[in-house]
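> Have a look at this one.
The values are calculated or read from the model by the stated rules, or taken from the named source; none is laboratory data. What you see is a predicted model, and the numbers here were worked out from it, not measured in a lab. Reconstructed Cβ throughout: ideal geometry from the backbone, glycine too, with neighbour counts over all protein chains shown. Accessible surface areas use protein heavy atoms only, side chains included; no ligands, DNA or RNA. Shrake-Rupley method; radii C 1.70, N 1.55, O 1.52, S 1.80 Å.
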Amino acid sequence: MLWSGWGDPARAAGLPGPVRTLLQDILGVRAPGTPAVGLDEVRLPAPALPAGVLAALESVVGAGNARSGDEARVRHTRGKSTPDLMRMRAGDGSDAPDAVLLPGSHDEVLELLRICAAHRVAVVPFGGGTSVVGGLTPAREGHAGVVALDLARMNRLVSVDAESMVAELEPGLRGPQAEELLAAHGLTLGHFPQSFEYATLGGFAAARSSGQASAGYGRFDDMVVGMTVATPRGTLDLGRAPKSAAGPDLRQVVLGSEGAFGVITSLRLRVRRAPQARIYEGWRFGSFSAGTAALRRLAQDGPLPTVLRLSDETETMVGLAKPGELAESGGLSSGAGCLVIAGYEGTPEEAAERRDRAAAVLTGLGGTCLGTGPGDSWAHGRYSAPYLRDSLLAAGATVETLETAGFWSGLPRLYDAVRLALHGALGSPLVMCHISHVYGTGASLYFTVVTAQSGDPLAQWEAAKRSASEAIIAAGGTISHHHGVGRDHRDAYAAEIGELGVEILRGIKERLDPEGILNPGVLIP
Ligand SMILES: Cc1cc2nc3c(=O)[nH]c(=O)nc-3n(C[C@H](O)[C@H](O)[C@H](O)COP(=O)(O)OP(=O)(O)OC[C@H]3O[C@@H](n4cnc5c(N)ncnc54)[C@H](O)[C@@H]3O)c2cc1C
């Protein structure tokens, strides 16, 4: 993973001609952004961890699995939000951990937590490092040091219960590794977020991730039937039946806890049979509201595709690489309408049968089938978009995403409120939106914003983000459908759950982590 950007440097994407036109003609981008510094130029805080404590921690994980060199520290600094990347590109390594520890087992994690609690060393569980909400940016104050707990060595498929369709997997497995291990048993998780190639199972659970095929396979938190968690107070072993009436479900306390309550060391996950057939199709609707009504119908009355997403007019137009038409229409053109991608996975017969029934519903609601071309092209490029961000930053544009969810009846208001807030804060940005996770009762809205960088792009984005977050809460949406809370959404989360809600979280934190060493500053206001 590129330390100051996204993914495999060999796959870095140049900017296509139409995108350059869009930057110059529509957004008024003139000057290139500040180039990224070299890794050896990143300014790191002097290591604060006492040598004796580091030696004690190293004795738990073994030589080679405790790293305090500059490169390891830089590679475990923050996550992958655009502000994170801006800071790294500028050489700001002030949030770097003092050391990186790679435990190999649950017992090693427990022992590390014991030592860290005894010395008040902050611990940041680190999966794939793809957090986009400041989930890996701990508050150092009051701590003797900070260590990143990289779970990469805990990467085994522990067991498969084919009868119950449950697999036990370790948290450090990245998406592709987990899928490969399960494929050997003819199984899949069906969890494919855009960060799939780098993010880990532990991170998916800790941040309540949702994948692109959530309509068919569910969100990641739906898949978790059990888990083992190491805390400074000992072990939590949760989930002994598919459903239970034995009191409140404590798994739900850990899901979404973002490393603030404990370290997930094992996950028991519901698995599905790997599909034999995949059909992805494109559909055109005349407007975002007509497309939204069609998605709602499928979500409420079925049949539900495995993948179901709808781009608004602007996102459709940009996706079609027709920024010239965008310029002519003053930013919004109804010419291209709105693109829906509907995908079906399963046995060949089942996928085809579901496709035919859904196609009848979509046609009946005004959709025009565009065939498998747009669907296959979406599937082919589904993990490429993040690479463009690095090129846009270098070219002098800021690009960032934000997301929310709401009930169907409130969705148009939420959509308008966020767009208005972003336009108010940024002048004339390009704001694109899609729906990619649907439920009987509502859906998510995922916004991508592109704007010309001001003299202080970080402050410019932070102001826009604040404004969008306030608009989301005021319009009745949640501050996050699947990115989580981290540090960036902490205040908005407090507004969402209220004072009593915050007190409950603090109470749980005090019980499980009395020294306050776990990811301090993240999640809990
Ligand atoms: C380009 C891009 C695309 C993305 N697309 C999506 C998407 O489609 N859907 C989606 O849901 N998200 C998406 N994300 C966000 C991110 O990938 C998810 O939040 C993911 O779940 C994080 O997993 P990770 O392994 O990288 O966790 P990290 O970023 O390493 O950690 C995330 C949080 O979880 C904690 N944590 C990690 N592992 C553990 C553990 N074992 N125990 C306890 N706490 C732990 C960390 O301390 C941190 O607070 C995207 C991010 C990027 C940069």
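> Count, please, the residues in region 85-121 that happen to be out of contact with any Leu (no Cβ under 7 Å at 6 or more places or on another chain), farther than 21 Å from Ala205 by Cα and open to solvent by less than 10 Å² (accessible area, probe 1.4 Å).
Number satisfying all stated conditions: 5.
> Something else: Which residue, of Ala359, Ala394, is part of a helix (DSSP H, G or I), touching a strand residue (DSSP E or B) at 6+ places or on another chain (Cβ under 7 Å) and surrounded by fewer than 21 Cβ atoms within 10 Å (Cβ to Cβ)?
Values: Ala394 fails: touching a strand residue (DSSP E or B) at 6+ places or on another chain (Cβ under 7 Å).
So the residue among Ala359, Ala394 that is part of a helix (DSSP H, G or I), touching a strand residue (DSSP E or B) at 6+ places or on another chain (Cβ under 7 Å) and surrounded by fewer than 21 Cβ atoms within 10 Å (Cβ to Cβ) is Ala359.
> Would you tally the residues in region 503-525 being under 28 Å from Ala459 (Cα atoms) and assigned to a helix (DSSP H, G or I)?
Quick first cut of region 503-525, residues under 28 Å from Ala459 (Cα atoms) only: 519-525.
Those still in the list that are assigned to a helix (DSSP H, G or I) too: none.
Selection size over region 503-525: 0.
> Please go through region 448-465 and pick out each residue that is more than 24 Å from the chain's Cα centre (by Cα) and of a type in the set (Gly, Ala, Ser).
Ala452, Ser454, Gly455, listed by residue number.
> Hey, among the residues in region 31-46 that are modelled with pLDDT under 95 and not hydrophobic (A, V, I, L, M, F, W, C), which one's farthest from Arg89 (Cα to Cα)?
Filtering first and then ranking leaves Pro32.
> Has region 69-78 got any residue that is more than 16 Å from the ligand (Cβ to nearest atom), at negative phi, modelled with pLDDT of 95 or more and not in a helix (DSSP H, G or I)?
Taking region 69-78 as the starting set, the residues that turn out to be more than 16 Å from the ligand (Cβ to nearest atom) are 69-71.
With the extra rule that they be at negative phi, the set shrinks to 69-71.
From what's left, modelled with pLDDT of 95 or more: 69-71.
Among the residues that remain, those that are also not in a helix (DSSP H, G or I) are: 69.
Looking for residues that are more than 16 Å from the ligand (Cβ to nearest atom), at negative phi, modelled with pLDDT of 95 or more and not in a helix (DSSP H, G or I), one finds at least one in region 69-78, hence yes.
> Right, another one. If you scan region 21-62, which residues turn out to be in a helix (DSSP H, G or I), under 29 Å from the mean Cα position of the chain (by Cα), in contact (Cβ under 8 Å) with a residue 40 or more places away in the chain and surrounded by fewer than 15 Cβ atoms within 10 Å (Cβ to Cβ)?
Glu41
> Let me ask something else. Just to check your reading of the model, which residue among Pro50, Pro97, Pro103, Pro35 is closer than 30 Å to Ser454 by Cα and not aliphatic (A, V, I, L, M)?
On the way: Pro50 fails: closer than 30 Å to Ser454 by Cα; Pro97 fails: closer than 30 Å to Ser454 by Cα; Pro103 fails: closer than 30 Å to Ser454 by Cα.
Answer to the selection: Pro35.
> Just checking, does region 125-142 include any residue being open to solvent by 20 Å² or more (accessible area, probe 1.4 Å) and over 30 Å from Leu402 (Cβ atoms)?
So far as region 125-142 goes, yes, one or more of its residues are open to solvent by 20 Å² or more (accessible area, probe 1.4 Å) and over 30 Å from Leu402 (Cβ atoms).
> So which residues in region 498-525 are within 19 Å of Gly135 (Cα to Cα), of a type in the set (Val, Ile, Thr) and either surrounded by fewer than 19 Cβ atoms within 10 Å (Cβ to Cβ) or in contact with a helix residue (DSSP H, G or I) (Cβ under 7 Å, 6 or more places away or on another chain) (or both)?
Val502, Ile508, Ile517, Ile524
> Next question, about the same structure. Looking at this structure, is Val158 open to solvent by less than 50 Å² (accessible area, probe 1.4 Å), touching a residue at least 24 places away in the same chain (Cβ under 8 Å) and either assigned to a strand (DSSP E or B) or farther than 26 Å from Pro103 by Cβ (or both)? Don't jump to the end; show me each part of the working.
Values: open to solvent by less than 50 Å² (accessible area, probe 1.4 Å): no; touching a residue at least 24 places away in the same chain (Cβ under 8 Å): yes; either assigned to a strand (DSSP E or B) or farther than 26 Å from Pro103 by Cβ (or both): yes.
No.
> Condition first: over 24 Å from Val133 (Cα atoms) and open to solvent by 10 Å² or more (accessible area, probe 1.4 Å). Now tell me which residues in region 161-174 satisfy that.
Residues of region 161-174 over 24 Å from Val133 (Cα atoms): 161-169.
Passing the criteria: Asp161, Ala162, Glu163, Ser164, Met165, Val166, Glu168.
> Let me confirm something: among Ala405, Ala379, Ala468, Ala385, which residue is under 19 Å from the mean Cα position of the chain (by Cα), open to solvent by less than 10 Å² (accessible area, probe 1.4 Å) and among the aliphatic types (A, V, I, L, M)?
Details: Ala405 fails: open to solvent by less than 10 Å² (accessible area, probe 1.4 Å); Ala379 fails: open to solvent by less than 10 Å² (accessible area, probe 1.4 Å); Ala385 fails: open to solvent by less than 10 Å² (accessible area, probe 1.4 Å).
None of the others qualify; the one that does is Ala468.
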